[in-house]
1. Can you name the residue in the range 1-30 that is polar (S, T, N, Q), assigned to a loop (DSSP other than H, G, I, E, B) and surrounded by 11 or more Cβ atoms within 10 Å (Cβ to Cβ) and is also modelled with the lowest pLDDT among such residues?
2. Inspect all residues belonging to the range 111-132 and state whether any of them is closer than 12 Å to VAL63 by Cβ, touching a Leu at 6+ places or on another chain (Cβ under 6 Å), polar (S, T, N, Q) and in contact (Cβ under 8 Å) with a residue 12 or more places away in the chain.
3. Looking at (1) small (Gly, Ala, Ser); (2) at pLDDT 95 or above; (3) over 16 Å from the mean Cα position of the chain (by Cα), find the lone condition where ALA95 falls short.
4. Can you tell me which residue among ALA81, ALA112, ALA119, ALA64 is at pLDDT 95 or above and at negative phi?
5. Any idea which residue in the range 147-167 is surrounded by the fewest Cβ atoms within 10 Å (Cβ to Cβ), counting only those that are within 25 Å of THR117 (Cβ to Cβ) and among the β-branched types (Val, Ile, Thr)?
6. Where residues in the range 117-146 are under 14 Å from ALA77 (Cα atoms) and among the polar types (S, T, N, Q), which of them is surrounded by the most Cβ atoms within 10 Å (Cβ to Cβ)?
7. Just to be sure, is VAL76 at pLDDT 90 or above, closer than 26 Å to LYS25 by Cβ and buried (at least 18 other Cβ atoms within 10 Å of the Cβ)?
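The values are calculated or read from the model by the stated rules, or taken from the named source; none is laboratory data. Please read these numbers as outputs of a predicted model, since none were measured by experiment. Positions of Cβ are generated from backbone atoms using ideal geometry, with glycine treated the same way; all protein chains shown enter the neighbour counts.
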Amino acid sequence: MVARTTPLARLKHVTGRASTAKLGKLGVSTSGTLALSAFHDDPVVIPSILNKLGTSSPWEMTVAHLDVPAGKYVVVAKALAMNTSPNTYSIDETAGVLCFLAAGVDSDAGSATHWNTLALTVVHVFAKPGRIELNCTSATVQTVMALEHVKITAVRVATLSNGYVAAG
């Protein structure tokens with residue numbers, strides 16, 4: 001795996017710790033295929049990064065998280081971006097959200113504008129129970145953005161390969 005950084009990678013929210021108490025209640029085996037999913041269908045208002053510039057944690061908005069036991073995971077997340085400004089008659093098509101799906105040190109980034117679906121994928125090996133988080137911000141001034149129908153699904157697999165592919 002080739003490590004690459006982007007200008008926004010330094011802003012990525014550090015993932016929290018998994019709730020081992022909740023994971024223990026699942027009663028899952030420590031090996032074999034396992035699929036876990038979390039959802040939040042109601043709107044989650046996403047704060048604007050423009051209000052957080054100069055702070056140490058502009059990505060503090062965790063939209064959803066999923067705790068998983070140790071293992072190798074393929075993770076997907078999706079959400080519907082919505083402009084929820086009550087005083088805007090015409091929809092601001094430039095308003096959007098920017099999100100990171102973070103699993104340990106691995107992450108994927110994506111963005112979506114009004115009525116578009118955000119889709120992210122990441123793979124990660126958790127040596128011990130871990131937490132997967134969807135962290136988001138918006139870059140709007142007057143438009144209030146929200147995410148609806150948020151889903152995070154993690155599938156534990158026996159074999160995992162993640163390699164860089166050159167363009168072309």
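1. So the first thing to find is which residues in the range 1-30 are polar (S, T, N, Q), and the list is 5-6, 15, 19-20, 29-30.
Still in the list and also assigned to a loop (DSSP other than H, G, I, E, B): 5-6, 15, 19, 29-30.
Checking which are surrounded by 11 or more Cβ atoms within 10 Å (Cβ to Cβ) leaves us with 15, 19.
Values: THR15: 50, SER19: 74.
That would be THR15.
2. no
3. Condition (2) is where ALA95 drops out.
4. Values: ALA81 fails: at pLDDT 95 or above; ALA112 fails: at pLDDT 95 or above; ALA64 fails: at pLDDT 95 or above.
Answer to the selection: ALA119.
5. Here the answer is VAL165.
6. ASN135
7. On the way: at pLDDT 90 or above: yes; closer than 26 Å to LYS25 by Cβ: yes; buried (at least 18 other Cβ atoms within 10 Å of the Cβ): no.
So VAL76 does not fit the description; no.
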